[in-house]
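The block underneath contains the structure these notes are about, expressed in structure tokens.
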Amino acid sequence: MSIIELRQVSKTYGIKKNRYSAVNNVSFRIEPGEFLGIMGPSGAGKSTLLNMASTLDFPTSGTVLLNGKVTTGLNERKLADFRKNKSGYIFQDFSLLENLTVQENIELPLLADHVAAREVWRRVRQVAQLLLLESVLNHYPSELSVGQKQRVAAGRAIIKRPAIIFADEPTGSLDSRSATELLQFLSEVNQKEQTTIMMVTHDPFTASYCKRIIFVRDGQIFSEINRAESRQDFFEKIINMQAVIGGGPKR
Ligand SMILES: Nc1ncnc2c1ncn2[C@@H]1O[C@H](COP(=O)(O)OP(=O)(O)OP(=O)(O)O)[C@@H](O)[C@H]1O
Ligand SMILES: [Mg+2]
């Protein structure tokens with residue numbers, strides 16, 4: 001069963017003359033264990049799609065299904081459970097809490113769950129090791145490099161071992177080395193733990209880590225490519241598709 005399915009989903013903003021269609025009749029599925037990328041020019045509707053798939057936003061029309069169940073039929077508790085316990089989020093601006101240390105930021109999602117302190121510490125150590133954050137656990141976000149901040153955000157997103165990670169331009173503010181580290185980490189979580197990933201990006205290098213990419217333009221699916229070849233060849237394929245789709249903003 002698909003972990004997420006969008007059926008003829010549309011999202012419009014404004015009313016009457018100012019009505020604006022950000023996403024127009026889009027359907028696709030995300031299967032468990034996938035590493036799906038969403039690409040397309042600025043304003044194409046990528047973030048809007050991600051937000052609807054993650055239930056942070058709702059379509060104007062059409063249906064979103066979680067594990068085969070229509071989200072509008074789920075009560076608030078079920079939705080909150082999905083957002084809090086089954087999904088992890090990585091956004092471009094990290095949204096770390098400045099008054100908490102790195103360790104406190106990472107363990108935050110576990111605190112509401114009454115997880116035993118020893119278990120919290122065990123998992124924080126594991127995540128910190130994986131993300132090379134052991135030496136900065138007692139530091140505050142203001143003392144970190146941009147790449148370290150992004151890794152803390154990634155740590156917070158995976159500490160609960162979510163079934164799916166939603167990432168919107170996760171490498172947007174990273175230098176290439178930090179970006180590569182984060183992407184290798186995401187690939188590892190995807191391969192070793194079968195964590196499903198949906199990642200929005202406009203960067204071909206970042207996208208080359210995906211196994212499948214859906215290209216959107218003007219709120220619609222333009223095309224889709226699957227990775228069968230090496231990452232380098234997939235990268236070329238992505239560049240070629242970008243050339244076809246054009247980078248210009250929506251008029
Ligand atoms: N809250 C909103 N109110 C009105 N229009 C919106 C709102 N959110 C998004 N839009 C519009 O919907 C369209 C799609 O926006 P979206 O953020 O999904 O694009 P995107 O593909 O993520 O772009 P970018 O690459 O720049 O992040 C844009 O034209 C945007 O201006
Ligand atoms: Mg966006």
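Cα to Cα, under 16 Å, and not fewer than 8 places away if on the same chain: which lysines meet these conditions relative to Lys78?
Lys69, Lys86
Taking Cα atoms, how many degrees apart are the long axis of helix 176-193 and the longest axis of the chain, rounded to 10 and kept between 0 and 90?
Taking the Cα atoms of the chain, the angle to 176-193 is about 90 degrees.
Probe radius 1.4 Å, ligands and nucleic acids ignored: give me the carbon and sulfur share of the accessible area of the chain as a rounded percent.
Carbon-and-sulfur percentage of accessible area, whole number: 49.
Running Debye on the stretch 4-245 with equal point scatterers at the Cα sites and no solvent, what base-10 log of I(q)/I(0) appears at q = 0.10 Å⁻¹?
Debye output, listed in q order: -0.49.
Pop a pseudo-label 7 angstrom from the Cα along the beta-carbon direction at both Tyr13 and His114 and give the gap in nm to one decimal.
Taking the simple label geometry, Tyr13 and His114 are separated by 4.2 nm.
Using the Cβ atoms and a cut-off under 14 Å, what net charge is assigned to the surroundings of Arg77, where Lys and Arg are +1 and Asp and Glu are -1?
Overall, the nearby charge balance is +3.
Express in nm, to one decimal, how much length is gained between Arg212 and Tyr20 on full extension, taking 0.36 nm for each residue of separation and deducting their alpha carbon distance.
Net length gain for the segment: 66.3 nm.
So which aspartates and glutamates can Lys46 reach, going by Cα to Cα under 17 Å and dropping same-chain residues fewer than 8 places off?
Glu5, Asp57, Asp93, Asp168, Glu169, Asp203, Asp218, Glu224
Compute the separation of the alpha-carbon centres of the stretch 146-160 and the stretch 166-219 and state it in Å as a whole number.
14 Å
Using only helices, what value at 222 nm comes out for the chain when you add -39,500 (n - 2.57) per DSSP H run of length 4 or more and divide by the total residues, to the nearest 500 deg cm²/dmol?
Rounded to the nearest 500, the figure is -10500 deg cm²/dmol.
Given the C-alpha centroids of the stretch 81-95 and the stretch 1-58, what is the distance between them in whole angstrom?
If we compute the Cα centre of each part, the gap is 17 Å.
With every protein chain present, what is the per residue accessible area of the stretch 4-245 (1.4 Å probe, Å²)?
49 Å²
Any chance you could give the angle, 0 to 90 degrees and rounded to 10, that helix 117-130 forms with the longest Cα principal axis of the chain?
Relative to the chain, helix 117-130 is tipped by roughly 60 degrees.
Out of all DSSP beta bridges in the chain, what portion is antiparallel? Express it as a percent rounded to 5.
55 percent
Using packing as a proxy for protection, rank 72-79, 19-26, 147-154, 41-48 so that the peptide with the highest average count of other Cβ atoms within 10 Å comes first.
Result, highest mean Cβ count within 10 Å first: 147-154, 41-48, 19-26, 72-79.
Does anything in the stretch 122-165 have its amide N under 18 Å from the 7 Å Cα→Cβ label point of Phe205, and if so which residues?
146-151
Given points 7 Å out from each Cα along the Cα-Cβ axis, report the Arg77 to Arg177 separation in nanometres with one decimal.
Using points 7 Å along Cα→Cβ, the separation is 5.0 nm.
What is the chain's relative contact order, in percent, from Cα pairs under 8 angstrom and six or more apart in sequence?
28 percent
The values are calculated or read from the model by the stated rules, or taken from the named source; none is laboratory data. In this text, all values refer to a predicted model and were calculated from it rather than measured experimentally. Ideal geometry is used to build each Cβ from the backbone, glycine not excepted, and the neighbour counts take in all protein chains shown. Surface accessibility is based on the protein's heavy atoms, side chains included, excluding ligands, DNA and RNA. Shrake-Rupley method; radii C 1.70, N 1.55, O 1.52, S 1.80 Å.
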